[in-house]
Protein chains: 2
Amino acid sequence: MIIENISHSRIDKIDFNDISFGNHYSDHMFYCKFENGKWKNPIIKPFGDITVSPLSLVFHYGQAIFEGMKAYKDKYGNVFLFRPLENFNRLNSSAKRLEMPLISKSLFRDGLKKLLSIDKKWIPNNYGQSLYIRPFLIASDGKLSANPSKKYIFMIICTTASNYYLTPLKVKIEQKYSRSADGGIGFTKAAGNYASSFYPTRIAQEEGYDQILWTDSSTHSFIEESGTMNVFFYIKNNLITAPANKKILNGITRKSIITIAKKEGIKVKECNFSVSELIYNLRKNLVKEIFGCGTAVVVNHFKKIGYKFKNYYLPNISNKKRISFFLKKNLLDIQHNVINDPFGWRFKV
Amino acid sequence: MIIENISHSRIDKIDFNDISFGNHYSDHMFYCKFENGKWKNPIIKPFGDITVSPLSLVFHYGQAIFEGMKAYKDKYGNVFLFRPLENFNRLNSSAKRLEMPLISKSLFRDGLKKLLSIDKKWIPNNYGQSLYIRPFLIASDGKLSANPSKKYIFMIICTTASNYYLTPLKVKIEQKYSRSADGGIGFTKAAGNYASSFYPTRIAQEEGYDQILWTDSSTHSFIEESGTMNVFFYIKNNLITAPANKKILNGITRKSIITIAKKEGIKVKECNFSVSELIYNLRKNLVKEIFGCGTAVVVNHFKKIGYKFKNYYLPNISNKKRISFFLKKNLLDIQHNVINDPFGWRFKV
């Protein structure tokens with residue numbers, strides 16, 4: 001692997017006590033091309049612009065996928081990734097569905113490890129902060145006929161991360177627009193899954209909400225996921241979440257939350273959960289908590305649910321009494337090497 | 001508008017008797033940036049690579065839309081566009097749904113006209129050939145949080161075009177995968193709509209078909225569109241096609257075919273058309289023709305339909321007797337200024 005070091009780091013400009021998600025990008029990036037059926041010439045170089053053909057299929061037919069992962073430090077400065085194999089596997093499962101070339105484990109691992117070792121000082125020391133890592137794969141050539149590209153670029157870029165949302169969320173149950181369809185690509189991290197959400201989300205924001213709670217495209221009667229989060233409902237001592245099917249992202253935070261909850265003796269139900277059942281329970285004040293989770297978001301609870309021009313408010317309880325807070329702390333404690341890792345999720349870099 | 005001319009044209013390398021779709025790109029391209037809420041500094045420059053940030057939202061969240069249009073020559077060398085206002089309007093309707101900035105009519109028109117005047121010699125003289133024009137709009141910056149970009153690039157590139165398909169098509173009725181959902185972006189020309197079709201299409205190709213006939217994602221019982229084409233069925237003297245709804249592209253060729261057919265006294269039905277009705281009619285040998293149409297494809301008839309591991313063959317009739325051939329010729333005659341244009345579709349450049 002070729003390494004091109006920057007001449008002067010930008011890190012002195014960062015105040016780690018004042019970072020927000022995605023505002024500071026680390027000094028270097030990993031870059032590798034796929035041509036003639038092979039990944040070749042991996043390189044780590046200064047973070048900066050790339051040059052591509054205007055024919056690149058990512059521009060015309062959306063062949064683009066990504067992953068989101070994080071690197072954490074413990075109080076001794078050791079660096080850990082969280083379940084990186086899960087990201088690796090999901091990236092390749094997205095690649096397969098989008099007819100893109102698979103990434104080898106060694107390319108993914110070596111690129112990631114080398115980049116993190118070079119930009120190690122960009123990983124914040126503070127508990128709850130991290131370096132968000134964005135591996136992504138784009139089609140870089142084509143000829144305007146609607147067929148898969150023969151050339152691709154695989155890159156990894158990094159940004160300092162703190163809280164994605166700063167407050168509890170107001171969320172609207174969507175009854176018109178939809179995120180994905182049966183037989184579609186909702187389960188992948190394809191770029192094309194996201195832009196379609198911007199317009200419905202802006203409408204929701206103009207109505208006073210932060211995010212949308214997506215429902216199935218056929219009937220809008222079953223709950224799917226929200227924004228960039230999987231969603232959990234805590235009702236009558238049951239933690240309920242939609243099954244990770246072909247329409248719903250199989251979130252790594254989602255499955256970690258489920259595992260931690262089960263270990264702690266919390267009853268978890270992965271099942272189709274209807275909007276009417278949710279509204280019934282909200283009306284009866286039986287919903288203790290609703291929260292979203294994801295790599296970028298970690299865990300963020302909801303405070304208001306909007307449905308058909310009516311708002312339902314979640315109980316205003318202290319963080320100490322929140323199951324979402326308990327699960328989030330448990331997760332962060334594992335990620336930051338504060339407690340034992342009974343599941344083997346931490347990966348020391 | 002700034003014009004940067006190439007030093008030496010590549011056109012001498014083209015044999016216009018031997019062009020296939022998307023293999024030769026014209027000398028120049030139109031390029032314009034959107035920053036601080038405004039489109040600025042439009043430029044025509046040599047066709048070539050562009051430089052963008054790795055954060056460009058088109059790579060991560062799929063904010064990318066396009067149009068497909070064609071320029072034709074008549075036998076006197078006059079240049080015509082076909083219904084360009086339709087492309088302009090649809091580009092902006094896609095932009096609106098994807099939360100991208102609208103393009104002004106003057107920017108679209110002036111960029112297009114200037115580019116075509118500079119690259120006029122790239123428009124083939126031959127009847128049935130054309131210069132395929134690809135306007136496209138991509139998000140060129142971002143910060144990895146899932147929100148619309150603030151910067152965009154609008155470009156126009158051109159490629160010589162002859163037949164997109166060389167033969168009649170074998171098409172499989174899809175029963176597992178889907179193209180779009182109610183409440184989704186199927187009606188837009190968003191890049192993200194296309195990559196998801198590559199994998200199911202490859203499977204269909206391995207089974208001996210050329211393309212997929214998409215059905216609704218909820219039940220797979222109603223016909224939508226095929227590949228990059230809208231689809232028509234000619235059954236018992238009725239020309240049947242699915243309505244251009246929120247899931248189906250409102251094709252300009254589609255609506256032109258409908259208008260021409262109606263003028264010629266052919267009965268046209270825009271209605272939900274079920275797979276079972278199609279299969280019933282195929283079994284009874286009542287389906288005279290099935291054909292797809294689109295800007296790139298023009299009109300291309302189908303010869304075989306696959307459904308649940310069974311194949312149905314369309315009648316093998318001569319082109320002279322085909323309604324698809326009649327409609328295609330009528331359309332091309334208007335486009336190439338061979339006959340009168342009663343609809344006002346030709347736009348002289």
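Here is how the numbers come out for the structure above:
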read-out: Selection count where residues are open to solvent by 10 Å² or more (accessible area, probe 1.4 Å) and either within 20 Å of B:Ile133 (Cβ to Cβ) or more than 19 Å from the chain's Cα centre (by Cα) (or both), scope region B:151-180; value: 10
read-out: Elements of type helices (runs of 4 or more DSSP H) in region B:177-293, at least 3 residues being away from every other protein chain (no Cβ under 14 Å); value: B:252-263, B:275-283
read-out: Test for A:Ile133: is it touching a Cys at 6+ places or on another chain (Cβ under 6 Å), crowded, with 24+ Cβ neighbours inside 10 Å, in contact (Cβ under 8 Å) with a residue 40 or more places away in the chain and not acidic (Asp, Glu); value: yes
read-out: Condition met for B:Gly186 (over 19 Å from B:Lys308 (Cα atoms), crowded, with 24+ Cβ neighbours inside 10 Å and either touching a strand residue (DSSP E or B) at 6+ places or on another chain (Cβ under 7 Å) or in the same structural domain as B:Tyr280 (by TED's automatic domain parsing) (or both)); value: no
read-out: Test result for A:Asn311, in the same structural domain as A:Leu239 (by TED's automatic domain parsing), of a type outside the set (D, E, K, R) and under 25 Å from the mean Cα position of the chain (by Cα); value: no
read-out: Within region A:231-246, considering residues that are at negative phi and more than 21 Å from the chain's Cα centre (by Cα), the one least open to solvent (accessible area, probe 1.4 Å); value: A:Ile235
read-out: So B:Ile123, is it closer than 26 Å to B:Ser20 by Cβ, touching a Lys or Arg at 6+ places or on another chain (Cβ under 7 Å) and open to solvent by less than 10 Å² (accessible area, probe 1.4 Å); value: yes
read-out: Residue match in region B:12-24 (condition: at pLDDT 95 or above and more than 9 Å from every other protein chain (Cβ to nearest Cβ)); value: no
read-out: Failed item in (1) under 21 Å from A:Ser178 (Cα atoms); (2) open to solvent by less than 50 Å² (accessible area, probe 1.4 Å); (3) without any contact (Cβ under 8 Å) to a residue 40 or more places away in the chain, with A:Glu277 passing the rest; value: (2)
read-out: Restricting region B:36-72 to residues that are small (Gly, Ala, Ser) and part of a loop (DSSP other than H, G, I, E, B), the residue that is nearest to the other protein chains (Cβ to nearest Cβ); value: B:Gly62
read-out: Exclusive hit being open to solvent by 10 Å² or more (accessible area, probe 1.4 Å), away from every other protein chain (no Cβ under 11 Å) and assigned to a strand (DSSP E or B), set B:Lys75, B:Lys33; value: B:Lys33
read-out: Any hit, region A:53-69, residues being at pLDDT 95 or above and either of a type in the set (Lys, Arg) or surrounded by fewer than 15 Cβ atoms within 10 Å (Cβ to Cβ) (or both); value: no
read-out: Filtered residue count, region B:102-120, keeping only those that are open to solvent by 20 Å² or more (accessible area, probe 1.4 Å) and touching a residue at least 12 places away in the same chain (Cβ under 8 Å); value: 10
read-out: B:Arg83 vs. criteria touching a strand residue (DSSP E or B) at 6+ places or on another chain (Cβ under 8 Å) and open to solvent by 20 Å² or more (accessible area, probe 1.4 Å); value: yes
read-out: Failed criterion for B:Lys143 (all others in (1) open to solvent by 10 Å² or more (accessible area, probe 1.4 Å); (2) in contact (Cβ under 8 Å) with a residue 12 or more places away in the chain; (3) at the interface with chain A (Cβ under 8 Å from one of its Cβ atoms); (4) within 30 Å of B:Lys246 (Cβ to Cβ) hold); value: (4)
read-out: Filtered residues of region A:95-117 (kept if in a helix (DSSP H, G or I) and out of contact with any strand residue (DSSP E or B) (no Cβ under 8 Å at 6 or more places or on another chain)); value: A:Lys96, A:Lys105, A:Ser106, A:Arg109, A:Lys113, A:Ser117
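The values are calculated or read from the model by the stated rules, or taken from the named source; none is laboratory data. In this text the structure is predicted, and so the values were computed from the model without any measurement. Because the Cβ atoms are built from the backbone with ideal geometry, glycine has one as well, and the counts that use them run over all protein chains shown. To get the accessible areas, we keep the full protein, side chains included, count just its heavy atoms, and leave off ligands, DNA and RNA. Shrake-Rupley method; radii C 1.70, N 1.55, O 1.52, S 1.80 Å.
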